[in-house]
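Let me begin by presenting the structure, written as structure tokens, before commenting on it.
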Amino acid sequence: MKQTSLKIVAAATVGWSLISLAQADTGLEIGMSAEAAQAQLDAQCDRLDVTHFEPSRHPSAHTSETHIRCEGFAGSNGSTAEHLLASFADGSLFMLEARGEMTGLVPDVDPAGNLGGYTVYLPHLIVTHAESGRWFHLSQMDQAPLALGWDNPAWSGERPAPSDTSFALPDWVSFGDSVETLSSVAEAACPLQALRDIPEIWLDTQPQRQQQLDCYGIEVAGYPRKLELVFGDGTLEQVWFMFGEADIPRARDWLTQTYGPALHVDEQYEIFDDWRVALRKDVPEIRAASDRLAAIWASEAE
């Protein structure tokens, strides 16, 4: 089995639209409406339960989320699942999760990668975890942390209640700390983590060696996220905090409340805190930087 990180797997999916994604063996199509999916599932499930939350703070939902829980799923093509949960953001299907006994849901192809017991299949955007008996069909790979570290409360019919809605980095992320120190902390703080070398150095501090620690499934702003900690010559210089497109206005509000109005705004970035923090909009992320790196960017902007 090819061993790779989910970051590399995700890179292979950049640019794909929801419409181009292959149907999973459930027969449900990513992007379909909640009404159409419910009508289809009504004939394929022993029982259906529907929960609707509005407003929503889910990373994929601007205003509302809907979850349809199916017990005893039997698809027209022979696929089955003991439990199936279809999740919709603003009325559009963005993720399926199956639990328990299931058949016919894993693609008959070699997986694209495996990390920490999670197996990824492309181009289907299907993630499986054999140990826990869970299966996911995603609309995009940036939802992978939801598969790695989120127990969707809709399974029990509960409403999500984020305990913390700020977009602050975890307290243990400290610029200037060594890769050894933060790798050790990440083992306890991150549900799944991977340290790797970056062969093509791009940090503006121009180190001799660049490394990246990927932290999957850590909870920030109420949902599992991914952090990318970038080290130059063994010292933390930059962090990417990745979230969903629907989080952009929420992150902007939090940044403005925390740091005041943006110092600089262009199509790609909104800059805060003397260039230490930036909201990225073309790819939904917050970029945080060391004082040394922020000073370089500030001087280039003059």
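The values are calculated or read from the model by the stated rules, or taken from the named source; none is laboratory data. The structure displayed is predicted, hence computed values, not measured ones. With ideal geometry, Cβ positions are generated from the backbone for all residues, glycine too; neighbour counts draw on all protein chains shown.
Of the residues making up the stretch 201-220, just one is in contact (Cβ under 8 Å) with a residue 24 or more places away in the chain and among the aromatic types (Phe, Trp, Tyr), namely Tyr216.
Conditions (1) of a type in the set (Ser, Thr, Tyr); (2) touching a Gly at 6+ places or on another chain (Cβ under 6 Å); (3) closer than 18 Å to Pro191 by Cβ, marked per residue:
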position: Leu41; (1), (2), (3): no, no, no
position: His52; (1), (2), (3): no, no, no
position: Ser56; (1), (2), (3): yes, no, no
position: Pro59; (1), (2), (3): no, yes, yes
position: Ala81; (1), (2), (3): no, no, no
position: Asp90; (1), (2), (3): no, no, no
position: Met102; (1), (2), (3): no, no, no
position: Asp142; (1), (2), (3): no, no, yes
position: Gly149; (1), (2), (3): no, yes, yes
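Scanning the stretch 107-166 for residues that are touching a Lys or Arg at 6+ places or on another chain (Cβ under 8 Å), in contact (Cβ under 8 Å) with a residue 60 or more places away in the chain and among the charged types (D, E, K, R) yields Asp110, Asp142.
Based on what the data block shows, is Pro111 modelled with pLDDT of 90 or more, of a type outside the set (A, V, I, L, M, F, W, C) and not in a strand (DSSP E or B)?
For Pro111, the condition - modelled with pLDDT of 90 or more, of a type outside the set (A, V, I, L, M, F, W, C) and not in a strand (DSSP E or B) - is met.
Scanning the stretch 265-295 for residues that are farther than 13 Å from Ala168 by Cβ, touching a Phe, Trp or Tyr at 6+ places or on another chain (Cβ under 8 Å), surrounded by fewer than 17 Cβ atoms within 10 Å (Cβ to Cβ) and of a type outside the set (Gly, Ala, Ser) yields a single hit, Asp291.
Is it the case that the stretch 225-246 has a residue that's surrounded by fewer than 21 Cβ atoms within 10 Å (Cβ to Cβ) and among the basic types (Lys, Arg)? Among the residues of the stretch 225-246, not one is surrounded by fewer than 21 Cβ atoms within 10 Å (Cβ to Cβ) and among the basic types (Lys, Arg), which makes the answer no.
I'd like the full set of residues that are more than 30 Å from Ser166 (Cβ to Cβ), out of contact with any helix residue (DSSP H, G or I) (no Cβ under 8 Å at 6 or more places or on another chain) and touching a residue at least 12 places away in the same chain (Cβ under 8 Å), limited to the stretch 38-66.
First, pick out the residues of the stretch 38-66 that are more than 30 Å from Ser166 (Cβ to Cβ): 38-50.
After this cut, where a residue has to be out of contact with any helix residue (DSSP H, G or I) (no Cβ under 8 Å at 6 or more places or on another chain) as well, the list is 38-47, 49.
Across the stretch 38-66, the qualifying residues are Gln38, Gln40, Leu41, Gln44, Cys45, Asp46, Arg47, Asp49.
Yes/no matrix, rows are residues, columns are (1) within 28 Å of Trp254 (Cα to Cα); (2) modelled with pLDDT under 90; (3) in contact with a His (Cβ under 8 Å, 6 or more places away or on another chain):
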{"site": "Glu158", "(1), (2), (3)": "yes, yes, no"}
{"site": "Pro162", "(1), (2), (3)": "yes, yes, no"}
{"site": "Asp171", "(1), (2), (3)": "yes, no, no"}
{"site": "Ile198", "(1), (2), (3)": "no, no, no"}
{"site": "Trp202", "(1), (2), (3)": "no, no, no"}
{"site": "Thr205", "(1), (2), (3)": "no, no, no"}
{"site": "Gln212", "(1), (2), (3)": "yes, no, no"}
{"site": "Tyr216", "(1), (2), (3)": "yes, no, no"}
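Looking at this structure, is Phe231 within 27 Å of Pro153 (Cβ to Cβ), assigned by TED's automatic domain parsing to the domain that holds Val277 and out of contact with any Cys (no Cβ under 7 Å at 6 or more places or on another chain)? Taking the combined requirement at face value, the residue does not satisfy it.
May I ask you to list the residues in the stretch 183-200 that are touching a residue at least 24 places away in the same chain (Cβ under 8 Å) and over 12 Å from Leu227 (Cα atoms)?
So in the stretch 183-200, the residues touching a residue at least 24 places away in the same chain (Cβ under 8 Å) come out as 183, 186, 189-192, 194, 196, 198.
Result: Ser183, Arg196, Ile198.
Residues His83, His124: which one is within 26 Å of Ala39 (Cα to Cα), at pLDDT below 90 and surrounded by 15 or more Cβ atoms within 10 Å (Cβ to Cβ)?
Details: His83 fails: at pLDDT below 90.
One residue alone meets the criteria, His124.
Going by the structure shown, is Ile248 under 21 Å from Pro55 (Cα atoms), β-branched (Val, Ile, Thr) and at pLDDT 95 or above? Yes, satisfied. The residue pairs whose first member lies in the stretch 227-244 and is on the phi > 0 side of the Ramachandran plot, whose second member is surrounded by fewer than 22 Cβ atoms within 10 Å (Cβ to Cβ) and of a type in the set (Asp, Glu), and whose beta carbons are closer than 8 Å, counting only pairs six or more residues apart or on different chains, are Gly234/Glu180.
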